Amino acid sequence: MQSLLRTIYNDVKPLVGQGKVADYIPALASVDPNQFGIAIYSNTGELFQIGDAEVPFSIQSISKVFSLTLAIKHYGPDMWQRVGREPSGLPFNSLVQLEYENGVPRNPFINAGALVISDMNQSRFASPHYAMSEFVRRISGNPELKTDLKVADSEYEFRHRNAAMAHLMKSNGNFENDVEEVLKSYFANCALRMSCVDLAKAFNFLANKGFCSISNEQVLSEQEARQVNALMATSGMYDEAGSFAFQVGLPGKSGVGGGVVAIVPNRFSVCVWSPALNKVGNSTAGVAALESMTKHIGWSVY
Ligand code: GLU
């Protein structure tokens with residue numbers, strides 16, 4: 001496995017730094033684009049890593065998987081009346097579909113869907129961000145995880161598009177709580193800082209039939225874990241989920257911080273990170289690394 005990581009590293013090195021670091025908020029625009037790391041955590045408890053795998057970064061949309069997991073644990077199947085399970089075919093922050101689909105977002109990984117999930121968690125927890133970070137600290141085995149308050153504040157300052165989605169959903173009766181409070185929790189979740197090692201470990205339960213071998217707990221049932229993987233496979237990679245399935249063939253979730261997590265069911269979870277993004281907002285070197293990985297291991301879910 002370690003020699004596989006070295007091969008991937010060499011394959012992908014020329015692509016590191018290619019693309020553009022997320023610049024919609026100043027706190028993310030200043031990240032050095034020339035960083036690259038990979039970590040793999042196997043179901044047998046082995047950790048493999050290379051490059052900047054221990055450098056914490058802003059997990060951004062990867063947090064949507066953790067919030068979804070918390071909501072599934074607390075709501076069960078009823079939650080699917082408020083959010084769909086279909087790919088949107090539109091940018092992650094689009095408003096148009098919401099208008100003609102009566103405020104029910106297509107899936108939990110576009111922003112509108114993640115906001116509905118955050119609204120559900122807001123109804124359940126006194127402090128949803130605290131609940132989420134404690135949960136993630138537990139399943140990653142890292143009690144030191146921190147939220148970057150500068151990033152969270154900056155996201156809140158530039159919140160207008162996300163606020164518009166939340167208000168539109170409220171006008172359709174699909175939003176229970178105060179919009180500003182939910183936005184604050186949502187942005188705080190996106191601003192959690194984790195490394196590739198932290199994320200590879202935290203996603204172990206999705207490779208392991210819902211059981212987290214780090215915290216020794218059944219996080220989701222086997223069927224629920226399979227369902228989250230299916231949602232990642234169909235909607236986890238912004239507007240590139242189709243190409244990602246075609247080229248990589250694994251459930252994956254990316255974030256504009258440059259992280260990409262992927263699941264090889266029953267074998268391992270992997271996280272790659274490189275901050276320079278391609279046109280749709282996925283890490284250029286990160287996606288290439290996963291493509292190289294599945295090519296070398298000759299394995300995909302399809
Ligand atoms: N915090 C970001 C937003 O709501 C999420 C960006 C992402 O997709 O990673 O716009």
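The values are calculated or read from the model by the stated rules, or taken from the named source; none is laboratory data. What you see is a predicted model; the values in this text were computed from it and never measured. When we count neighbours, we look across all protein chains shown, and the Cβ atoms used for this are built from the backbone with ideal geometry, even at glycine. Quick note on the areas: whole protein, heavy atoms, side chains included, nothing else; ligands and nucleic acids left out. Shrake-Rupley method; radii C 1.70, N 1.55, O 1.52, S 1.80 Å.
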Inset, instruction - Could you check, for segment 73-87, whether at least one of its residues is assigned to a helix (DSSP H, G or I), within 16 Å of the ligand (Cβ to nearest atom) and either more than 21 Å from LEU199 (Cβ to Cβ) or not basic (Lys, Arg) (or both)? - result: no
Legend entry - Answer from PHE109, PHE48, PHE92 - the residue that is open to solvent by 20 Å² or more (accessible area, probe 1.4 Å), within 13 Å of the ligand (Cβ to nearest atom) and either in a loop (DSSP other than H, G, I, E, B) or of a type in the set (A, V, I, L, M, F, W, C) (or both): PHE92
Legend entry - Hey, LEU220 surrounded by fewer than 24 Cβ atoms within 10 Å (Cβ to Cβ), at pLDDT 95 or above and farther than 19 Å from PHE57 by Cα or not: yes
Inset, instruction - Please state which one of VAL280, VAL228, VAL261 is within 13 Å of the ligand (Cβ to nearest atom) and at pLDDT 95 or above. - result: VAL261
Legend entry - Residue in segment 146-156 that is under 19 Å from PHE125 (Cα atoms), open to solvent by less than 40 Å² (accessible area, probe 1.4 Å) and either of a type in the set (Lys, Arg) or free of Cβ contacts under 8 Å to residues at least 24 places away in the same chain (or both) present: no
Legend entry - ASP23 vs. criteria open to solvent by 50 Å² or more (accessible area, probe 1.4 Å), more than 16 Å from the ligand (Cβ to nearest atom), under 30 Å from TYR186 (Cβ atoms) and not in a helix (DSSP H, G or I): no
Legend entry - Search result, residues across segment 26-45 that are in contact with an Asp or Glu (Cβ under 8 Å, 6 or more places away or on another chain) and open to solvent by 40 Å² or more (accessible area, probe 1.4 Å): ALA29
Inset, instruction - May I ask you to say which residue of VAL65, VAL104 is at pLDDT 95 or above and surrounded by fewer than 23 Cβ atoms within 10 Å (Cβ to Cβ)? - result: VAL104
Inset, instruction - Considering (1) part of a helix (DSSP H, G or I); (2) within 13 Å of the ligand (Cβ to nearest atom); (3) modelled with pLDDT under 95, say which one ARG161 fails and leave the rest. - result: (3)
Legend entry - The lone exception for ARG124 - which of (1) within 11 Å of the ligand (Cβ to nearest atom); (2) open to solvent by 20 Å² or more (accessible area, probe 1.4 Å) it fails: (1)
Inset, instruction - Kindly establish whether ASN174 is more than 16 Å from the ligand (Cβ to nearest atom), under 25 Å from ALA230 (Cα atoms) and not hydrophobic (A, V, I, L, M, F, W, C). - result: yes
Inset, instruction - Any residue in segment 213-226 that's closer than 15 Å to HIS74 by Cα and without any contact (Cβ under 8 Å) to a residue 24 or more places away in the chain: show its pairings with residues that are part of a loop (DSSP other than H, G, I, E, B) and open to solvent by 90 Å² or more (accessible area, probe 1.4 Å) at Cβ separation under 7 Å, as long as the two are six or more apart or on different chains. - result: ALA225/LYS209
Legend entry - Of all residues in segment 1-20 being under 13 Å from SER274 (Cα atoms) and of a type in the set (Gly, Ala, Ser), the one that is most open to solvent (accessible area, probe 1.4 Å): GLY19
Inset, instruction - Any residue in segment 1-17 that's of a type outside the set (S, T, N, Q): show its pairings with residues that are modelled with pLDDT under 95 and open to solvent by less than 60 Å² (accessible area, probe 1.4 Å) at Cβ separation under 8 Å, as long as the two are six or more apart or on different chains. - result: LEU4/ILE297
